[in-house]
1. State all residues of the range 130-156 that are assigned to a loop (DSSP other than H, G, I, E, B) and in contact with a helix residue (DSSP H, G or I) (Cβ under 6 Å, 6 or more places away or on another chain); if no residue qualifies, say none.
2. Can you tell me which condition residue 324 does not meet? The list is (1) at pLDDT below 50; (2) in a loop (DSSP other than H, G, I, E, B); (3) within 10 Å of the chain's Cα centre (by Cα); (4) surrounded by fewer than 19 Cβ atoms within 10 Å (Cβ to Cβ), and all the others hold.
3. Of all the strands (runs of 3 or more DSSP E) wholly in the range 67-111, which have at least 2 residues that are farther than 18 Å from residue 246 by Cβ?
4. Among the listed residues 289, 260, 297, which satisfies the condition of being within 12 Å of residue 53 (Cα to Cα) and either free of Cβ contacts under 8 Å to residues at least 40 places away in the same chain or part of a helix (DSSP H, G or I) (or both)?
5. Taking the options 274, 316, name whichever one is modelled with pLDDT under 50, touching a helix residue (DSSP H, G or I) at 6+ places or on another chain (Cβ under 8 Å), over 19 Å from residue 212 (Cα atoms) and part of a helix (DSSP H, G or I).
6. Working only within the range 271-290, note down all residues that are surrounded by 15 or more Cβ atoms within 10 Å (Cβ to Cβ), farther than 22 Å from residue 203 by Cβ and under 24 Å from the mean Cα position of the chain (by Cα).
7. Just one of 214, 200, 223 is without any contact (Cβ under 8 Å) to a residue 40 or more places away in the chain and touching a strand residue (DSSP E or B) at 6+ places or on another chain (Cβ under 9 Å); which is it?
8. Here are 166, 189, 115, 159: which of them is in a helix (DSSP H, G or I), within 30 Å of residue 77 (Cα to Cα) and touching a residue at least 60 places away in the same chain (Cβ under 8 Å)?
């Protein structure tokens, strides 16, 4: 009887020790997740900063509507909102989706004079929107692109010519480049920097080279979702987030285009609503990118975290700056990484604890090991490629957790079966 009691105590001690070994790391990671949530809450309730709103008006050219452009710029001027106008320097007269040779029209005349007057007044910033906005022969079907796939020399030629045409026609320096369809590749980044551009504004998920000399501020939202994006930015734990609102002349019902969804009056109401918010600051694309030091390394880090951010619920997107309509400032880059890592810690820790509870019902506890490995490796999605020490730290934790959990899951049964084997002779 005494041996049986000792065996029972030993079995309980072994079970407790195994549970601690298997559950300690998940518990610590859950605490890290809670700490990241506390960080987000404190950041949101800390000193409030400005939200920078950029209006990016794409596609003005020799064939676009001057009447719509005058109305739009006039509305923005009324509320002190500069507009970044992405101008097509030498637009083709036919379809931009047709890659065959076409006649083109170089910016000149009344359209160039109008844009020049606005630029000199500070009402607009002029950006180069490709050269002709015509898709190349490598992309004769969607997705369209003027630059992707072309050799460096050809991309450099087009980018240099774009600047030359615009600066000659408008008479102001052109610093920003907006690739047509927001489509570009790593060669484009190098060519744009070598062509003298300092800022590139493409899509949120475009390629990134952290070593690139360009500043990068992508398009983040449309006129349709602008209010929601600014609201998310106002809630975010960031002292200087940016919202880049992209639109075209065909968005306005006055254009007669079937894609239109907003009137001049609706646009005026939108701008007035944003201007009434004390923390909103209107600015041009280059001004925001350079002022906030939004370099290529920051863009690369933000893009790397975005894939994991999609797993979070919508209310967390708005609350913790994971919304697609907001681009964070570098001041919270590490905070965003911490929040993403903390969210991953909560998910991983919860999964591990659920496995600990349910594993006794599995035919073999060993079948849980592959699942744990997959979940743990998934946590590395939120780790920046530009910070190898973070990757190494997470992988070390992942390996340690796998080992600890494997021991914790397997040892109780082995100990209990051994204890039962020792108790059986006493029972007899």
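1. 130, 131, 133, 144, 145, 146, 147, 149
2. (1)
3. 90-92, 104-106
4. 289
5. Only one candidate passes the filter, namely 316.
6. Hits for the range 271-290 are 274, 280, 281, 282.
7. None of the other options fit; the residue is 200.
8. Among 166, 189, 115, 159, only 166 is in a helix (DSSP H, G or I), within 30 Å of residue 77 (Cα to Cα) and touching a residue at least 60 places away in the same chain (Cβ under 8 Å).
The values are calculated or read from the model by the stated rules, or taken from the named source; none is laboratory data. Since the model is a prediction, treat every value here as computed from it, not as a measurement. Virtual Cβ from ideal backbone geometry, glycine too; neighbours counted across all protein chains shown.
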